[in-house]
Structures are given as C-alpha cells and as structure tokens.
1. Give me the residue from region 13-54 that is of a type in the set (S, T, N, Q) and within 13 Å of the chain's Cα centre (by Cα) and, out of that set, farthest from G101 (Cα to Cα).
2. Determine if region 80-100 includes at least one residue that is more than 16 Å from L28 (Cα to Cα) and not hydrophobic (A, V, I, L, M, F, W, C).
3. Kindly state which helices (runs of 4 or more DSSP H) lie completely within region 77-120 and contain at least 2 residues that are free of Cβ contacts under 8 Å to residues at least 12 places away in the same chain and under 18 Å from the mean Cα position of the chain (by Cα).
4. When the residues of region 1-45 are filtered to those that are within 16 Å of A80 (Cα to Cα) and among the basic types (K, R), which remaining residue is surrounded by the most Cβ atoms within 10 Å (Cβ to Cβ)?
5. Return the only residue of L97, L63, L113 being out of contact with any Ser or Thr (no Cβ under 6 Å at 6 or more places or on another chain), modelled with pLDDT of 95 or more and not aromatic (F, W, Y).
6. Condition test on K38, is it under 20 Å from V7 (Cα atoms) and among the charged types (D, E, K, R)?
7. Please work out which one of (1) part of a loop (DSSP other than H, G, I, E, B); (2) free of Cβ contacts under 8 Å to residues at least 40 places away in the same chain; (3) touching a helix residue (DSSP H, G or I) at 6+ places or on another chain (Cβ under 9 Å) is the condition S57 fails and give its number.
8. Filter region 61-76 for residues that are assigned to a loop (DSSP other than H, G, I, E, B) and more than 14 Å from T27 (Cα to Cα); which is nearest to the chain's Cα centre (by Cα)?
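The values are calculated or read from the model by the stated rules, or taken from the named source; none is laboratory data. The shown structure was predicted, so the numbers you read here are calculated from the model rather than taken from an experiment. Note that each Cβ is placed from the backbone with ideal geometry, even for glycine, and that neighbours are counted across all protein chains shown.
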Amino acid sequence: MTDPASVAFRSTCPLASVLDIIGDKWTLVIMRDMLAGKTRFSEFLDSPEGLSPRVLSQRLSFLESQGMIQKVQAGRTHPAYVLTDKAMELKEVGIRLAEWGLRHIPGRVSPYLDKFRDED
C-alpha cells in the first residue's frame, strides 16, 4: 500500500475489508498504545515492538485518512493523536484477541489488559 490515503479493498467481504484497514502487523499495536495513554509520535516509538519512524508515520497517516484517529494540535508542541469513536468500537475486539493470546500462546503478558477492561 503506497498511498496511505487510499485503500484497495480486496473484495466486498466485510471481514476482508476490515483486515485491509487494521490487518497489518502495526495498527492494533498503535491502537493498544493509544488505549494505554500514548498520544505522541515519540511515545509510540518507545514501544517494545520496535516500530520504525517511517512505518509509524505511514500508519498514523493511513489511520487518520480512515477516520480511525484524529491529529490534534495542543499549543506549540508536536501534534497528539487520539482514537475516534469509530476506532473505539474495536476496543472489545482487541481485548478478546489479547485474551486469546494469553490463553493460547505460552509466555505472553499483558500489562494493559486489566486497565482496558476497567474502563468499560
């Protein structure tokens, strides 16, 4: 996907189309970090998964173009990013995926999972 503002949907299948938007290996990690309180570019780069600045910039632009996140300018500082209501509808999906990973993939930990559940 070279142009982050466009989506070339594979089909009219709703599941395949959702995966065209959130199915890469970084989007749900970025959304997890946003749910955990990260809002700044530099904060996302500090995540243990090692996302590169170039890929992060592309994913943030893409998610903004899809209405999943919003860039907000607070004073003279660098912009912050927040999840939109549209993206928040996927919160339960993320929780269920993390729970599945905890049950079925040995050695996994999720320091954020209880916090995400408590916010409901």
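1. Looking at the filtered set, the residue picked out is T39.
2. No, region 80-100 contains no residue that is more than 16 Å from L28 (Cα to Cα) and not hydrophobic (A, V, I, L, M, F, W, C).
3. By residue number, 85-88, 91-104.
4. R32
5. L63
6. When the stated conditions are applied, K38 does not pass them.
7. (1)
8. Of everything passing the filter in region 61-76, Q73 is nearest to the chain's Cα centre (by Cα).
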